[in-house]
Amino acid sequence: MHTTLIDAATLSRHLDDPRWVILDCRHDLIHPHAGHDSFAIGHIAGAQFANVDTDLSGAKSAADGKFLGRHPLPGRAALIETLRGFGINDDTQVVAYDAHGGMFAARLWWLLRWVGHPAVAVLDGGLVAWQAAGLPMVTHAERRTPGAISERASLVSTVAVDDVLANLSTHARTVVDARAADRYRGENETIDPVGGHIPGAKNRFFKDNLTPDGRFKDAAQLKAEFAPLFDEPSKAIMQCGSGVTACHNLLALEVAGLPGAALYPGSWSEWVGDPNRPVATGS
């Protein structure tokens, strides 16, 4: 079972294995059709396309109209149905990839763990590593027989916006923001309506988890780099702009042998949906 990362050579040996499902998670936050367009041009044989905006996210507003962020979690039942549509069973090995260092594939990795499925890994180095190894690409779309994955006890934890708000007074947990440093400081904000960060949050840009070739750093290096941020993972909250790249930090923590941090799914986009919530700027 592969539960964090998998290399291109290993994946290439399982392209015809019916017990494996490969999902292409390419996406562009500014151009939402770019991922599917890239998939149509070429993808790993057997892969299916998983849309970050629809398959891996839910409705942006609650029943009372409250804004939940740009990529709120899908309902668990709806997610199970989506995963079944991809042909996933309880014993399926799932591999997620993108062309962005795992930026979006990590979201799928986390979601499967959220519904209790441990056999999911991100292709280390993504499509870049696959192509660098000279491995084949195809253009035809794969269709799988529907699967029967069941919902099991979650392997991960989450916190709600009210928990994060209460933490401003207690400081019981450390909030870690996965966005680029300039957005964290409140500069060059082009996605969300307000720039800045949650007061007290620390910054760990998700791309700092990677080596120059787009693969994850080794466990020892990741562990050393996360060490200054918090003492205990179970007392840490990972967030980002909309709950997507925070999953990259959670994956890096798992690789480092530091499991237990929680995800704040709504993240900055939900936080600034209410002007009464405080905002900090600068370092």
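So, in the range 48-102, of the ones that are among the hydroxyl-bearing types (Ser, Thr, Tyr) and more than 24 Å from Trp20 (Cβ to Cβ), which residue ends up least open to solvent (accessible area, probe 1.4 Å)?
That would be Ser57.
Counting only residues that are touching a residue at least 60 places away in the same chain (Cβ under 8 Å) and closer than 14 Å to Leu79 by Cβ, which one in the range 153-167 is least open to solvent (accessible area, probe 1.4 Å)?
Val156
For Ala106, are the conditions met, namely being assigned to a strand (DSSP E or B) and surrounded by 21 or more Cβ atoms within 10 Å (Cβ to Cβ)?
It is false that Ala106 is assigned to a strand (DSSP E or B) and surrounded by 21 or more Cβ atoms within 10 Å (Cβ to Cβ).
Which pairs turn up if I take residues in the range 95-109 that are in contact (Cβ under 8 Å) with a residue 40 or more places away in the chain and look for partners that are open to solvent by less than 10 Å² (accessible area, probe 1.4 Å) and among the hydroxyl-bearing types (Ser, Thr, Tyr) with beta carbon separation below 8 Å, at least 6 apart in sequence or on another chain?
Between residues of the range 95-109 that are in contact (Cβ under 8 Å) with a residue 40 or more places away in the chain and residues that are open to solvent by less than 10 Å² (accessible area, probe 1.4 Å) and among the hydroxyl-bearing types (Ser, Thr, Tyr), the close pairs are Ala105/Tyr97.
Could you give every pair whose Cβ atoms fall below 9 Å, whose first residue belongs to the range 1-12 and is without any contact (Cβ under 8 Å) to a residue 40 or more places away in the chain, and whose second residue is not in a helix (DSSP H, G or I), counting only separations of at least 6 or pairs across chains?
Listed by first residue and then by second, the contacts come to Thr10/His2.
What's the total number of residues in the range 201-230 that are open to solvent by 70 Å² or more (accessible area, probe 1.4 Å) and closer than 19 Å to Val164 by Cβ?
The total comes to 1.
What number goes with the only condition from (1) assigned to a helix (DSSP H, G or I); (2) open to solvent by 30 Å² or more (accessible area, probe 1.4 Å) that Leu250 does not pass?
The number of the failed condition is (2).
What about Val128, is it within 22 Å of Ala262 (Cα to Cα), more than 15 Å from the chain's Cα centre (by Cα) and not in a loop (DSSP other than H, G, I, E, B)?
Against the criterion (within 22 Å of Ala262 (Cα to Cα), more than 15 Å from the chain's Cα centre (by Cα) and not in a loop (DSSP other than H, G, I, E, B)), Val128 does not qualify.
Looking at Gly273, Gly266, Gly241, can you tell me which residue is out of contact with any Lys or Arg (no Cβ under 6 Å at 6 or more places or on another chain), open to solvent by less than 30 Å² (accessible area, probe 1.4 Å), closer than 23 Å to Phe67 by Cβ and in contact (Cβ under 8 Å) with a residue 12 or more places away in the chain?
Checking each option against the conditions leaves just Gly266.
Can you tell me which residue among His197, His171 is surrounded by fewer than 18 Cβ atoms within 10 Å (Cβ to Cβ), over 16 Å from Thr4 (Cα atoms), outside the structural domain of Phe104 (by the TED database) and more than 17 Å from the chain's Cα centre (by Cα)?
His171
Considering each of Arg19, Arg84 in turn, give the residue that is farther than 30 Å from Gly257 by Cβ and outside the structural domain of Met238 (by the TED database).
Arg84
The values are calculated or read from the model by the stated rules, or taken from the named source; none is laboratory data. The shown structure was predicted, so the numbers you read here are calculated from the model rather than taken from an experiment. Counting neighbours? That spans all protein chains shown, and the Cβs are built from the backbone with ideal geometry, glycine included. Side chains included, ligands, DNA and RNA excluded: accessible areas come from the protein's heavy atoms. Shrake-Rupley method; radii C 1.70, N 1.55, O 1.52, S 1.80 Å.
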